[in-house]
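Coordinate-derived values only; no laboratory data. Note that this is a predicted model, so its numbers are computed, not measured. With ideal geometry, Cβ positions are generated from the backbone for all residues, glycine too; neighbour counts draw on all protein chains shown.
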Amino acid sequence: MPFSGLIKNMGTNPRKTFTFDGDWNKVRKAYQLYDYINLENGYYNILPTYTLEYQIDKLKELNDDGSYYMRKYMPTDKQRIREAMAQFLQVPVEELIITRNTTESLDTIISGYPWQKGDEAIMARQEYGSMLDMFKQQARRFGIVNTFLDIPLHPSSDEEIVDLYRKAITPRTKMILVSHMINITGHILPIRKICDMAHEHGVKVLVDGAHAIAHFVFKISDLNCDYYGASLHKWLSVPLGAGILYVKKENISEIWPLFGEAAYADTDIRKLNHTGTIPMHIEKSIPFAIQFYNTIGGECKEERLRYLQRYWSDQLRTKQGFIINTPEAKERSCGIANIGIEGLDPNIVSHKLLTEHKIWTVAIDSAGVKGCRITPNIYTTTEELDQFVQAMETIQKNN
Ligand SMILES: Cc1ncc(COP(=O)(O)O)c(C=O)c1O
């Protein structure tokens, strides 16, 4: 029926609603799962069937309504979705835009900052490759200088990490790029302390929050960062192709948009959001995904993810032949951890896990990290993790 989207509106699924009473088996049933164990939820989270169906409904509505929807209702919907996201993140809506992913969010800042020749930027080698590439591009284009540092896998204190960044700062330093959670190890960094220290030196901090939002509980406003980018198709389980960019008000005016935009003032963050025609059914699924997340509850989800990680990692941590590349302290990790087998290429380990044990993981062999990244999700069972532990022991023994 034409214009059905105008009637159904966003935020509720007319077909089904999910309820949660603490039973994780019920959560598992909310997903369509197949005959393999998926421990690679770090790339993106597959959708619960509720959100999948909701997204399909929204796609059909878009097709029914055609450009009428885009011309008449899309701008209002976009604003309402942005407001819903700002409320969820507890940030002022004037400091937030919905993007397509972390890459777009962070690259908007890295490319839009008014770099001068000789300006310096600091980043760890463990940052995500695309962001490192974007900084390298700015070095070629504007003559900026990038300083790289290595994050210790097992820091003894927050100060050890903050000191690394402090020591890399010079009078020419303009920006630090830092991950809230390092993607290859699951290491959560002390962002607030890094930001406070950087600001004492007049240095801005760009935070890569790809793995943080809806994974563990925090408020962006508590971090005191200048810019924060994240993907919503990771832990919030929004359909593929949604992200956010937060820019603190006083930093907006100096950032140049990636795509030309003259409709908004330099001080208006929406100048950074001219993306052309976009798949609105993705954005329209955001409030629904928030609802699904809220039904479980942030603290409850965080606790479950950390429990699942510790369930397997504590069994292998002290066993001979295994190397855990993720800090042990509770506050420094959550659902993701990385494990290597001594003397074995992680690519071989992940290949054996998949072909001999039907367990899907990803091999990491970069920036001083050699191991498989293991990322369960809220639908993962402890029985699956027992199978994983057994599989790792078998692979290690037969090595
Ligand atoms: C730390 C980190 N930053 C950025 C990204 C890029 O995310 P996206 O591809 O959604 O832009 C990823 C993806 O895995 C990541 O792990």
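One table, with the values for the structure above:
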{"quantity": "Derived scalar couplings ³J(HN,Hα) [region 273-282; Karplus, 6.51 cos²θ - 1.76 cosθ + 1.60; whole Hz; x for Gly, Pro]", "calculated": "10, 8, 9, x, 6, 10, x, 5, 5, 5"}
{"quantity": "Which of CYS334, PRO48, MET123, positive extreme of dipole for the chain (C-beta unit charges)", "calculated": "PRO48"}
{"quantity": "Zero-based 5 Å bins, Cα pair distances in region 92-209, whole percents", "calculated": "2, 11, 23, 24, 21, 13, 6, 1"}
{"quantity": "Sequence of THR108, THR76 once ranked by neighbouring C-beta atoms within 10 Å, starting from the fewest", "calculated": "THR76, THR108"}
{"quantity": "Modelled FRET efficiency - R0 45 Å, ASP133 with THR19, Cβ distances, 0.05 increments", "calculated": "0.55"}
{"quantity": "Cβ-placed point charges (K, R +1; D, E -1), dipole of region 53-201 about Cα centre in debye, nearest 20", "calculated": "540 debye"}
{"quantity": "Loop-located chymotrypsin sites (Phe, Trp or Tyr not before Pro) in region 76-181, at most 15 other Cβ atoms within 10 Å (DSSP)", "calculated": "none"}
{"quantity": "Rg to Rh quotient for the chain, alpha carbon positions, Kirkwood Rh", "calculated": "0.98"}
{"quantity": "Distant-in-sequence amide H partners of CYS372 (H built 1.01 Å from N, under 5 Å)", "calculated": "ILE339, GLY340, ILE364"}
{"quantity": "Size of charge dipole - the chain - debye, nearest 20, with Cβ of Lys, Arg +1 and Asp, Glu -1, no other charges", "calculated": "540 debye"}
{"quantity": "Region 143-202 - charge dipole about Cα centre, Lys and Arg +1 at Cβ, Asp and Glu -1, debye rounded to 20", "calculated": "260 debye"}
{"quantity": "FRET efficiency, ARG141 to GLU94 (Cβ-Cβ, R0 25 Å, nearest 0.05)", "calculated": "0.25"}
{"quantity": "Mean separation of Cα contacts under 8 Å (6+ apart) over length of the chain, as relative contact order %", "calculated": "22 percent"}
{"quantity": "Inter-site label distance for ILE56 and LYS397 at 7 Å from Cα along Cβ, in nm", "calculated": "4.4 nm"}
{"quantity": "Given charges at Cβ of Lys, Arg, Asp, Glu: the chain dipole, positive-most of HIS233, GLN320, TYR379", "calculated": "HIS233"}
{"quantity": "Computed over region 174-320: relative contact order in percent, which uses C-alpha pairs under 8 Å that are six or more apart", "calculated": "17 percent"}
